[in-house]
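Note sheet for the following structure.
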Amino acid sequence: MSTVPAETGARIDALLAPWKGARRDSLIPILQDVQEACGFLPKEAIVKIGRHLDLPASKIYGVATFYNQFRFQPPGRYQVMVCRGTACHVKGSAAVLEAICHDLKIRPGQTTRDGLFSIEVVACIGACGLAPVISINGEFFAGVTPDGVAAILDGFRRKEVASA
Amino acid sequence: MLDPVSAAAGAPAFPRCCERCFHSPETPCRDLVACLEAGPLCHEDATCAAALTARREAALRLRPARPVIYVGTGTCGLGAGAAKTLRAVRAWLHEHAREAEIVEVGCIGLCSFEPLLDVQLPGRARLCFHRVTEQVVEPLLETLFAGEVPRELLLGQMRGEGGEAWPGLPCLDEHPFFAPQTRWVLAHCGVADPTSIEEYLARGGYRALARVLHGRTPEEVTGTVEASGLRGRGGGGFLTGRKWRFALETAADQRYLVCNADEGDPGAFMDRAVIEGDPHRLLEGMAIAAYAIGASKAYVYIRAEYPLAIQRLRNAIAAARAYGLLGRNVLDTGFNLEIVIKMGAGAFVCGEETALIHSIEGRRGMPRPRPPFPAARGLFGKPTVINNVETLANVAAILDRGAEWFSSLGTATSKGTKVFALSGTIARTGLVEVAMGTPLRDIVFAIGGGIPGGRAFKAVQIGGPSGGCIPESRLDTLVDYESLKTVGAMMGSGGLVVMDERTCMVDVAKFFMDFIQRESCGKCIPCREGTRHMLEILQAITRARGREKGKETLERFQGVVHLQRLAKVIQDTSLCGLGQTAPNPVLATLRWFPEEYEEHIFDRNCRAGVCAELRHYSIVAEKCKGCGLCLKRCPTAAIMGAPRSPHYIVPDLCIACGTCLDVCKLDAVLVA
């Protein structure tokens, strides 16, 4: 991230407003709020949260980098979450992940150049009965096979073209 | 300060029968639960009594005027397409100008048969149908409303739900998936409307809480739970009542209750299903536990990956608060309880008590040495009891029906039931609740229906990354905390992943080590560095000869020699449960499947054909007719060839997914 748009700062201030008088134990909920609104944790937000909670930015980075949930890069418009739970693994999620990476030409944690897709690997979505499972922007796809990946992703690409 | 997360809109109002009832959440009614059950109690009025009875019957949908359609919209149902089914049902009703009540329920447990749709026609028993995808909705409803029951879609009729039974139709509780189960915790899941507090009350909910608050001391409640023999369902299996007693006996001005719903074990989803399907059962259990230990504030630490469960829980808390069952002066007894939802941020180690406490306090979720145990010094330095969702979901029934009732089921040391999340290569996947002491074989073969496709059973993985794999020869092991330990596994939180002959045990061990080394918090060096090194050894075992350079072959053998010693060091020198149990997946597979390790090490052969580097796909030119099917389906375009001439696979592009092997009708694909 080179520059943060001016409105981001104002947006973060607005997000912090309801947390007046918050203490350290509200740090993770605040980070979750910011990520929910911005899609990731911009540098500016970390500094502002630090000032708000009277904590050094290093402590906040320390907490934010510890947990898998927090991202420091903007995600794609469609977030592909690939479940790598045990049941999914037994049913071949490694090959599904490989096929998705191959199709999008990125690795987990990265975003495609057009900003359309990003891949995230999650420990378990909790839908083990339907393994292997992927979820794209909250929409679940059950029993995914490596050769079925392209059709799913193409569906989202078409949606994008149609709405453009 | 009000936590913005726990504030929810659209809560139901306090249930008043008429103007004479002067109660509200601010002035709660002492006899609310009894009043709703057989009221009104404070005044005599036939109209009010009739209204309350009608209200109860409506909540239970005993005599519905119009058909009721239930759709299972838990996370697993939605994954199978329940949202589309629901839309199709609405569209069909609208199109045919039919009136029906639509109820969204949680998951009844049979995930592989989703989407599930139940129909209760007026005066008749509720029927449960399986695999009702959007295309099936129209023919199903048309046949049903014409008075016929489509047998091929029917799973069974529910005994005791709705009116008169259908003659000649099978009952749901006789279905092989449900018959061997004892459903206590899951009793309402998929049956009752999880968004309706009225229905929970009408089914006898909050009765135990009312009784406890009105006439039992915290010592008595703790004693009952202790006598019942209930043990923690989250993994360790510590006696719940004893944990409560420790906290109760520690003098403090403030105590906390924490419900651990951070179901981090990959392969476990029962906590999610309980919260999605029956949130009030958890809340009632929490309220009783909080009363027993003298806590006025409770936290639910739940995974952020469970948005639907969080939503349901939030609404349930708001409803319970509106009824005066939570909040200040609960049921006018002077007992206060505030329940706050804390969303976990995705760290497996936060399942460990002290790490979880650090996470709630807004710190890195790293464990600390015990003692002091959280029951003495926990959250914010105060005595804290941390219980798992399933543990707390058992509490209300124990207080309602007594410790003897609970301890009459199970084995000598493990009482009650246990919920398992059954998944993997098995015919029927889903949530299963069995009595303690049930043999694993019954769960896998009777309830789960065995392995599909005529393949052979290899192992069942229990206890997640801390557990182990149990082979066929030990399948008669009973489900019981102690028995499972004798075979190198543990109860864990209850994930059961079934593996068939196409699963490689070395690969499974590698999968868990990869998970553990990523999730190790990094505090203890043996866990942080040791698990990574174990993973490297396993990776070396599964590496192809061609990719080894210099001394790597020698190091590969050296690693194998030291594998078990390394495991021992990690077990002995790690601070928390994660590290102490981290080597279990390797040790258990090594114990029961040594021959697979030997094949990988000496022959560089993976009998299951999983380890990609030890596997090469090729096409037999004599057999290939050039149909192009594999070429079209290959996800990485690694197959080339002209139509009607033999194809070939480019090894560098192949990810060894096996799609070509599966689709080839001529058996031309060769795996070596």
Check: Of these, B:VAL569, B:VAL560, B:VAL586, which one is hydrophobic (A, V, I, L, M, F, W, C), within 15 Å of B:MET534 (Cβ to Cβ), buried (at least 16 other Cβ atoms within 10 Å of the Cβ) and more than 31 Å from the chain's Cα centre (by Cα)?
Finding: B:VAL560
Check: B:VAL419: among the hydrophobic types (A, V, I, L, M, F, W, C), assigned to a strand (DSSP E or B) and away from chain A (no Cβ under 14 Å), yes or no?
Finding: no
Check: Can you tell which of B:VAL610, B:VAL569, B:VAL586, B:VAL560 is assigned to a helix (DSSP H, G or I) and touching a residue at least 60 places away in the same chain (Cβ under 8 Å)?
Finding: B:VAL586
Margin query: Just the residues that are assigned to a helix (DSSP H, G or I) and more than 7 Å from chain B (Cβ to nearest Cβ), please, taken from segment A:75-102.
Written below: A:CYS88, A:SER93, A:ALA94, A:VAL96, A:LEU97, A:ILE100, A:CYS101
Notebook entry, point to check: Looking at this structure, is B:VAL487 in contact with a helix residue (DSSP H, G or I) (Cβ under 6 Å, 6 or more places away or on another chain) and surrounded by 21 or more Cβ atoms within 10 Å (Cβ to Cβ)?
Noted result: no
Margin query: Restricting to segment B:640-672, name every residue that is assigned to a loop (DSSP other than H, G, I, E, B) and within 14 Å of chain A (Cβ to nearest Cβ).
Written below: B:VAL650, B:ASP652, B:LEU653, B:CYS654, B:ILE655, B:ALA656, B:CYS657, B:GLY658, B:CYS664
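Residues checked against (1) within 14 Å of chain A (Cβ to nearest Cβ); (2) out of contact with any strand residue (DSSP E or B) (no Cβ under 7 Å at 6 or more places or on another chain):
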{"residue": "B:LEU230", "(1), (2)": "no, no"}
{"residue": "B:GLY234", "(1), (2)": "no, no"}
{"residue": "B:PHE238", "(1), (2)": "no, no"}
{"residue": "B:ALA247", "(1), (2)": "no, no"}
{"residue": "B:THR250", "(1), (2)": "no, yes"}
{"residue": "B:VAL258", "(1), (2)": "yes, no"}
{"residue": "B:GLY264", "(1), (2)": "yes, yes"}
{"residue": "B:GLY267", "(1), (2)": "yes, no"}
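For (1) surrounded by 19 or more Cβ atoms within 10 Å (Cβ to Cβ); (2) among the charged types (D, E, K, R); (3) touching a residue at least 60 places away in the same chain (Cβ under 8 Å), each residue gets a yes or a no:
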site: B:THR182; (1), (2), (3): no, no, yes
site: B:LEU186; (1), (2), (3): yes, no, yes
site: B:PRO194; (1), (2), (3): yes, no, yes
site: B:GLY215; (1), (2), (3): no, no, no
site: B:THR224; (1), (2), (3): yes, no, yes
site: B:LEU230; (1), (2), (3): yes, no, yes
Notebook entry, point to check: Can you spot a residue in segment A:57-74 that is of a type in the set (Phe, Trp, Tyr), outside the structural domain of A:LEU41 (by TED's automatic domain parsing) and surrounded by fewer than 19 Cβ atoms within 10 Å (Cβ to Cβ)?
Noted result: yes
Note to self: I need the full set of residues from segment A:25-70 which are without any contact (Cβ under 8 Å) to a residue 12 or more places away in the chain, in a helix (DSSP H, G or I), more than 16 Å from B:GLY346 (Cα to Cα) and charged (D, E, K, R), in order please.
What the structure shows: A:ASP25, A:ARG51, A:LYS59
Next item on the list: Go through the residues of segment B:269-279 one by one and say whether even a single one is part of a helix (DSSP H, G or I) and under 19 Å from B:ALA210 (Cα atoms).
Entry: yes
Checklist line | Matching entry among B:ARG441, B:ARG428 (being surrounded by fewer than 24 Cβ atoms within 10 Å (Cβ to Cβ), touching a residue at least 12 places away in the same chain (Cβ under 8 Å) and touching a Phe, Trp or Tyr at 6+ places or on another chain (Cβ under 7 Å)) | finding: B:ARG428
Item checked: Residue count, segment B:326-365 (criterion: touching a helix residue (DSSP H, G or I) at 6+ places or on another chain (Cβ under 6 Å) and either in a loop (DSSP other than H, G, I, E, B) or without any contact (Cβ under 8 Å) to a residue 40 or more places away in the chain (or both)) -> 9
Check: In segment B:501-522, how many are surrounded by fewer than 19 Cβ atoms within 10 Å (Cβ to Cβ) and out of contact with any helix residue (DSSP H, G or I) (no Cβ under 7 Å at 6 or more places or on another chain)?
Finding: 2
Note to self: Can you tell me which condition B:SER493 does not meet? The list is (1) under 30 Å from B:ARG543 (Cα atoms); (2) among the hydroxyl-bearing types (Ser, Thr, Tyr); (3) not in a helix (DSSP H, G or I), and all the others hold.
What the structure shows: (1)
Note to self: Can you tell me how many residues within segment A:7-24 are within 11 Å of chain B (Cβ to nearest Cβ) and in a helix (DSSP H, G or I)?
What the structure shows: 5
Next item on the list: Confirm whether B:LEU535 is under 23 Å from A:VAL122 (Cα atoms) and of a type in the set (A, V, I, L, M, F, W, C).
Entry: yes
Checklist line | All positions within segment B:87-137 that are within 14 Å of chain A (Cβ to nearest Cβ), of a type outside the set (Lys, Arg) and either surrounded by fewer than 22 Cβ atoms within 10 Å (Cβ to Cβ) or assigned to a helix (DSSP H, G or I) (or both) | finding: B:CYS111, B:SER112, B:PHE113, B:HIS130, B:THR133
Notebook entry, point to check: Hey, B:ALA637 hits all of (1) crowded, with 16+ Cβ neighbours inside 10 Å; (2) within 14 Å of chain A (Cβ to nearest Cβ) but one; which does it fall short on?
Noted result: (1)
Notebook entry, point to check: What do you reckon, is B:ARG63 modelled with pLDDT under 90, surrounded by fewer than 19 Cβ atoms within 10 Å (Cβ to Cβ) and within 35 Å of the chain's Cα centre (by Cα)?
Noted result: yes
Next item on the list: Using the structure shown, decide if B:GLY205 is in the same structural domain as B:TYR291 (by TED's automatic domain parsing), small (Gly, Ala, Ser), crowded, with 17+ Cβ neighbours inside 10 Å and at positive phi.
Entry: no
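How about segment B:289-313: which of its residues are within 19 Å of the chain's Cα centre (by Cα) and either away from chain A (no Cβ under 14 Å) or among the charged types (D, E, K, R) (or both)? Explain how you work it out, then say what you get.
To start, the set of residues in segment B:289-313 that are within 19 Å of the chain's Cα centre (by Cα) comprises B:300-313.
If the condition is that a residue be within 19 Å of the chain's Cα centre (by Cα) and either away from chain A (no Cβ under 14 Å) or among the charged types (D, E, K, R) (or both), then B:ARG303, B:GLU305, B:ARG312, B:LEU313 are the ones that fit.
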Next item on the list: Can you confirm whether segment B:458-469 contains a residue that is surrounded by fewer than 17 Cβ atoms within 10 Å (Cβ to Cβ) and not hydroxyl-bearing (Ser, Thr, Tyr)?
Entry: no
Check: Since B:ASP332 meets every condition but one in (1) out of contact with any Ser or Thr (no Cβ under 9 Å at 6 or more places or on another chain); (2) at pLDDT below 95, which condition does it not meet?
Finding: (1)
Note to self: Looking for something away from every other protein chain (no Cβ under 14 Å), outside any strand (DSSP E or B) and within 29 Å of A:SER58 (Cβ to Cβ) - is there at least one such residue anywhere in segment B:373-383?
What the structure shows: yes
Notebook entry, point to check: Within the set of pairs 6 or more residues apart or between chains, which connect a residue that is facing chain B (nearest Cβ under 7 Å) inside segment A:117-136 to a residue that is buried (at least 24 other Cβ atoms within 10 Å of the Cβ) and among the aromatic types (Phe, Trp, Tyr) with Cβ atoms less than 6 Å apart?
Noted result: A:GLY126/B:PHE269; A:CYS128/B:PHE269
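Quickly run through segment B:69-86 and pick out the residues that are assigned to a strand (DSSP E or B) and hydroxyl-bearing (Ser, Thr, Tyr).
Within segment B:69-86, B:TYR70 is the sole residue that qualifies.
The values are calculated or read from the model by the stated rules, or taken from the named source; none is laboratory data. Given the structure is predicted, the values throughout are model-derived calculations rather than measurements. FYI the Cβ positions are ideal-geometry reconstructions off the backbone, even for glycines, and counts take in every protein chain you see.
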